[in-house]
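Below is one structure; the comments refer to it alone.
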Amino acid sequence: MDFDPALLRAFVAVKETGGFTRAAQRLNLTQSAISHQIRKLEDQVGRQLLFRTTRALTLSEDGEDFLRYAQDILQTFDSMAQRFKPSPISGVVRFGVLENFMGDRLPNLLCKFSRAFPSVRLDVSVGMNLDLLPMIKAGELDLAVVMSPPDSDAGTPLRRTQFVWVAADTFDVAPDTSLPFAFFPAPCINRVVGLGALDGTPVQWHVVFTSQSQQGIRAAVLAGLAITIMTRDDVEPGMRIVDGSYGLPPLSDADFTLVWSAGGKTAAAMEFGKLLQDLDMPSRHR
């Protein structure tokens, strides 16, 4: 038995408004059209659903049961229509993001956006600060999440993070020995923060390993080759935080910041930016 949703809507509207006239007004139909739909529905069900008098309108026992089913069916129809409603927004969003900003949550975010805006194509670049910022300035990306000093005017802060000195659990150096460091190439903010903190201290140090890959830096650290700087959230098993050890000075915080290119604020990119800003992330900076 297949029920026409229009008949179900007429029946629910009659019950909720309390009469045929008001139901017709709600559905932009005539009163006779509503009466015809209710008769057609009762004929299909084979039972009386409504008791009508000149003064009152009530549901039969079957009508009460039918109402619950009809409301559930219409709610499902409305949810399905909302889910698959064509989006007026289309185009391409070119998004750049740091690998350590979202980790394994990035695919879920991209899927959520794609479901909401199926006519928008996402081009995602995962890289380092020193790659993403020039791409933003050159207009090769619409928006990106980068790291910036706290309270800078670079963009919209999304989440604050803490830099720490990190070494392998097995790392050790002899007293009064130059400390070996592993850094990303300049002008990476990790390197800038580290060298800025070391400047003016008596710590002897040298760069023993440089890599553009975060995995490369991690491998050097886990091998016991060097100390590096990373965010506290990125510290892995086999690593330890060595803040205060070996005479190392404290490090500043940084913000994960949403930045835009000059022409990047298209309708599609703005929707994606809203989704990023609405993320529920721990220690989010507001």
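Coordinate-derived values only; no laboratory data. Keep in mind that what you see is a predicted model, and the values were worked out from it rather than measured. A quick note on method: Cβ atoms are made from the backbone with ideal geometry, for glycine too, and the neighbour counts reach across all protein chains shown.
The amide H of F171, built 1.01 Å from its N in the peptide plane, has no neighbour under 5 Å, considering only residues 5 or more places off or on other chains.
The packing ranking, built from the mean of other Cβ atoms within 10 Å per residue, places the peptides 5-17, 75-87, 227-239 in the order 5-17, 227-239, 75-87, highest first. Candidate cross-link partners of K15 among the lysines, defined by an alpha-carbon separation under 21 Å and a same-chain spacing of 8 or more, comprise K40. With the cut-off at 1.5 for a/c, could you classify the range 79-157 from its C-alpha gyration tensor as rounded, prolate or oblate? Verdict is prolate for the range 79-157.
Could you tell me the distance between the Cα centroids of the range 223-255 and the range 1-69, to the nearest Å? Centre-to-centre distance over Cα atoms comes out at 70 Å. Taking a ≥ b ≥ c as the square roots of the Cα gyration tensor eigenvalues, with a/c under 1.5 meaning rounded and otherwise prolate when a/b beats b/c, else oblate, which class fits the range 5-83? In terms of gyration-tensor shape, oblate. Taking a ≥ b ≥ c as the square roots of the Cα gyration tensor eigenvalues, with a/c under 1.5 meaning rounded and otherwise prolate when a/b beats b/c, else oblate, which class fits the range 161-253? Rounded, since a/c falls under 1.5. Less than 5 angstrom separates the built amide H of V242 from those of W165, V166, A167, all sequence-distant by 5 or more or on a different chain. Computed from backbone phi with θ = phi - 60° and the Karplus coefficients 6.51, -1.76 and 1.60, the 3J(HN,Hα) list for the range 26-39 is 4, 9, 6, 10, 8, 5, 5, 5, 5, 4, 4, 5, 5, 4 Hz; x is used for glycine and proline.
Between amide H atoms placed 1.01 Å from N, distances below 5 Å from V92 occur with R121, all of them 5 or more places distant or on a separate chain.
Using the structure shown, select from K137/K274; K85/K137; K112/K265 the pairs with a Cα to Cα distance greater than 27 angstrom. Listed pairs above 27 Å: K85/K137.
Of the options [x] 6, 25, 31, 19, 12, 5, 1, 0; [y] 6, 30, 40, 21, 2, 0; [z] 6, 21, 19, 13, 11, 10, 9, 7, 3, 1, 0, only one is P(r) over Cα pairs in 10 Å bins from 0, in percent as computed from these coordinates, and that is [z].
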